[in-house]
Amino acid sequence: MEPYTGAQRAFCVRAYYENNKSVITARRLYRHEHGLRDLSGVPSANVIRKWIRMFETTGSTISITARGRAVSARSADIVERVRVSVQRNPQQSTPCIILPTFFPIQFLHSELGAKYRGCLPPW
């Protein structure tokens, strides 16, 4: 859940542009608009600047996150490489089959060495 609604973000963006692009004035107007006594509930200057950048690039202040399962690239070459690896050793676990197929051995030893020590071929 995002702490500020779209209307609150829009108010800050509008106040920023209406007051000579002043973040401080936008914060002050937000505080007065929402009846806050101090700045603890007011968005910080960095947050307002982030909203301004988002508004200028996308036309919205709401960050849209991708939903659902990530799309993977399954080319014929990758499918064939995995099929050959599985046929070579059917009892081996999936990470042990796939990792050495797609990544250089040096990378696997340096980044994943401790976790998949039994899967990796020797140096």
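Here, each number is a calculation from the coordinates, and none is a lab measurement. A quick note: this is a predicted structure, and the numbers were derived from the prediction, not measured. Cβ sites come from the backbone with ideal geometry, for glycine too, and all protein chains shown count toward neighbours.
For the stretch 17-24, putting each phi into the Karplus relation 6.51 cos²θ - 1.76 cosθ + 1.60 with θ = phi - 60° gives couplings of 6, 6, 10, 6, 6, 10, 5, 5 Hz, in residue order, rounded to whole numbers and with x for Gly and Pro.
For the stretch 76-89, backbone phi angles converted through the Karplus equation (6.51, -1.76, 1.60; θ = phi - 60°) give residue-by-residue couplings of 5, 5, 5, 4, 5, 4, 5, 4, 5, 5, 5, 5, 5, 8 Hz, Gly and Pro being listed as x.
Note on Leu36 and Ile78: the model spin-label points, each 7 Å out from Cα along the C-beta direction, lie 4.4 nm apart. Calculation over all alpha carbon pairs of the stretch 6-58 in 5 angstrom steps from 0 returns a P(r) of 4, 23, 36, 25, 9, 2, 1 percent.
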